[in-house]
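Q: Structure incoming, see below.
The values are calculated or read from the model by the stated rules, or taken from the named source; none is laboratory data. It should be emphasised that the depicted structure is a prediction, and the values quoted were computed from it without experimental measurement. Cβ placement follows ideal geometry from the backbone for every residue including glycine, while neighbour counts extend to all protein chains displayed. What goes into the accessible areas is simple: the full protein's heavy atoms, side chains included, and nothing from ligands, DNA or RNA. Shrake-Rupley method; radii C 1.70, N 1.55, O 1.52, S 1.80 Å.
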Amino acid sequence: SVHDIEYELDDDHLGNPCVRIRVIVADDALPDYTGSLDDLSQAFAPWTRLENAIGDAIYRSDMELWPYVSLIRESQRAALTNPA
């Protein structure tokens, strides 16, 4: 369901170097924001693990960048005027 991964080197709100990573997924890959919080948490669990794995790998590397990882649907990505 992952279609692409984009990244951008940047500074965070404190002025520290960071990397912003956007994982582009199929439109139907992410659950809708309905139902109970427990159901939503379970539906997002695989994506949360993916976000955490990417962030942890960068954090533990010697790049000295704070990782900001986000998921975005392919249709949302197409609507952005400023890609990652």
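Q: Exactly one condition in (1) in a loop (DSSP other than H, G, I, E, B); (2) open to solvent by 60 Å² or more (accessible area, probe 1.4 Å) is false for ASP56; which is it?
A: Result: ASP56 fails condition (1) only.
Q: Given ALA53, ALA29, which one is at pLDDT 90 or above and out of contact with any Cys (no Cβ under 7 Å at 6 or more places or on another chain)?
A: Numbers: ALA29 fails: at pLDDT 90 or above.
After ruling out the rest, the residue left standing is ALA53.
Q: Please work out which one of (1) of a type outside the set (A, V, I, L, M); (2) in a helix (DSSP H, G or I); (3) open to solvent by 70 Å² or more (accessible area, probe 1.4 Å); (4) in contact (Cβ under 8 Å) with a residue 12 or more places away in the chain is the condition ARG49 fails and give its number.
A: (4)
Q: Would you be able to say whether some residue in segment 31-39 is surrounded by 13 or more Cβ atoms within 10 Å (Cβ to Cβ), without any contact (Cβ under 8 Å) to a residue 60 or more places away in the chain and in a helix (DSSP H, G or I)?
A: no
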